[in-house]
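The values are calculated or read from the model by the stated rules, or taken from the named source; none is laboratory data. Everything quoted here is computed from the prediction, not taken from an experiment. Cβ coordinates were reconstructed from backbone atoms using ideal geometry, including for glycine residues, and neighbour counts include every protein chain displayed. Heavy atoms of the whole protein, side chains included, go into the accessibility calculation; ligands, DNA and RNA do not. Shrake-Rupley method; radii C 1.70, N 1.55, O 1.52, S 1.80 Å.
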Amino acid sequence: MVKVKKAIIPAAGLGTRFLPATKAMPKEMLPIVDKPTVQYIVEEAIASGIEDIIIVTGKGKRAIEDHFDHAFELEDNLYKKRKLDLLEKVRESAQVDIHYIRQKEPKGLGHAIWCARKFIGDEPFAVLLGDDIVQAETPCLKQLMDVFEQYNASVIGVQPVSMDETERYGIIDPLRQDGRLYEVKGLVEKPKKEEAPSNVAIMGRYILTPEIFKHLDKQEQGAGGEIQLTDAIQKLNGTQNVYAYVFEGTRYDVGEKLGFIKTTIEMALRREDLGEELRNYLRELVERELSLSAVRR
Ligand code: G1P
């Protein structure tokens with residue numbers, strides 16, 4: 001049986017939603033509490049059993065490479081000061097071997113994946129998008145890999161959204177449903193509510209067969225004038241079964257401001273070193289805000 005060993009993490013986006021923070025810093029390096037978002041993604045891939053990771057980068061993304069490398073001066077300094085917990089944290093992110101390739105033009109997600117085709121070769125592979133962080137008992141990607149092993153076909157991670165949100169996602173048109181698993185009839189990238197075939201949205205996790213590259217090779221533009229991965233999967237579905245799996249776990253959208261703030265608060269609440277103090281502060285804050293809005297009324 002073919003196993004999924006390789007993963008692509010696209011990280012070439014400009015991060016315009018977080019300007020000016022992302023003027024000189026990759027958005028993937030924005031921290032949730034004290035860990036860059038991209039590290040959560042890499043950790044999920046490794047925890048799922050992925051052996052080789054390629055990050056598709058672009059201009060101004062050097063900090064990502066530095067983050068997953070040793071930092072000798074810093075490590076030496078921490079060692080000499082006997083700050084061994086911090087030293088361990090700093091070293092942790094340098095333990096993985098990551099490959100990099102640049103997307104030379106911002107032509108969309110489908111194009112970013114296509115840039116990694118030579119690294120992938122003729123194997124099934126995973127894609128993890130950095131804007132979606134998933135907290136789950138079994139890592140989200142592992143859940144999809146288990147489905148892949150059963151069906152030997154492409155699997156997309158999905159969750160339901162409200163009909164008002166379909167315009168923000170790739171949406172599937174389900175053919176059949178069996179518990180958490182859908183057989184996919186079609187896929188549409190960011191349809192308006194009136195045109196959406198369902199409310200089942202693609203959530204940034206994919207296992208794809210290498211035949212996807214035949215469709216990405218054509219470089220056809222879709223929604224927003226970009227080469228869309230969703231469109232290529234739609235084409236792939238013409239010749240192979242594609243499945244969608246409603247993964248278990250909470251998905252956080254760190255690609256937009258409010259989602260980023262919510263994720264930071266929730267993750268901090270779960271931390272032993274911060275949770276209690278933050279919970280007390282939030283309680284006080286809510287009380288203060290509520291009494292202020294009562295006065296205003
Ligand atoms: C991308 C995909 C879309 C998916 C979304 C969330 O869109 O194109 O199909 O639903 O990620 O994972 P983006 O948010 O990058 O515009």
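Expressed as a fraction of 2.2 N^0.38 Å, the C-alpha radius of gyration for segment 169-218 is 1.26.
Of the listed pairs Lys27/Lys257; Lys142/Lys218; Lys59/Lys214, which have alpha-carbon separations greater than 22 Å here? Going by Cα-Cα distance, Lys142/Lys218; Lys59/Lys214 fall outside the 22 Å limit. By the combined test of axial Cα extent (at least 24 Å) and Kyte-Doolittle hydropathy (mean at least -1.0), the qualifying DSSP H helices of the chain come to 275-296. Leaving out ligands, DNA and RNA, what percent of the accessible area of segment 1-87 is carbon and sulfur, probe 1.4 Å? Answer for segment 1-87 is 55 percent, counting heavy atoms of protein chains only. When peptides 287-296, 79-88 are sorted by average Cβ neighbour count within 10 Å, with the highest value leading, the order is 79-88, 287-296. Atom-type composition of the exposed protein surface of segment 155-221 places 43 percent of the accessible area on carbon and sulfur (1.4 angstrom probe).
Using only alpha-carbon positions in segment 1-116, the gyration tensor eigenvalues give semi-axes of 26, 20, 12 Å once each is multiplied by 5 and square-rooted (largest first).
The order of the peptides 66-73, 93-100, 107-114 by mean Cβ neighbours within 10 Å, most packed first, is 107-114, 93-100, 66-73.
Solvent-accessible area per residue in the chain equals 54 Å², computed with a 1.4 angstrom probe and all protein chains kept. Bridging of Lys81 to lysines at a Cα separation below 28 Å is possible for Lys35, Lys89, once same-chain residues fewer than 8 apart are set aside. Near Leu175, the amide H atoms lying under 5 Å from its own belong to Glu183, Val184, Lys185; only residues 5 or more places off or on other chains count, and H is placed 1.01 Å from N.
When its C-alpha radius of gyration is set against 2.2 N^0.38 Å (N residues), the chain gives a value of 1.07. Between Arg288 and Glu43, residue separation times 0.36 nm minus the direct Cα-Cα distance comes to 84.4 nm. Pairs of Cα atoms in segment 205-251 fall into 5 Å distance bins, from 0 up to the last occupied one, in shares of 5, 19, 28, 20, 15, 10, 4, 0 percent. Overall size of segment 1-54 from C-alpha positions, given as principal axis extents largest first: 47, 22, 14 Å.
Could you tell me which of rounded, prolate or oblate describes segment 133-187, using a ≥ b ≥ c as the square roots of the eigenvalues of the alpha-carbon gyration tensor, with rounded for a/c under 1.5 and, failing that, prolate when a/b is larger than b/c and oblate otherwise? The shape class here is oblate.
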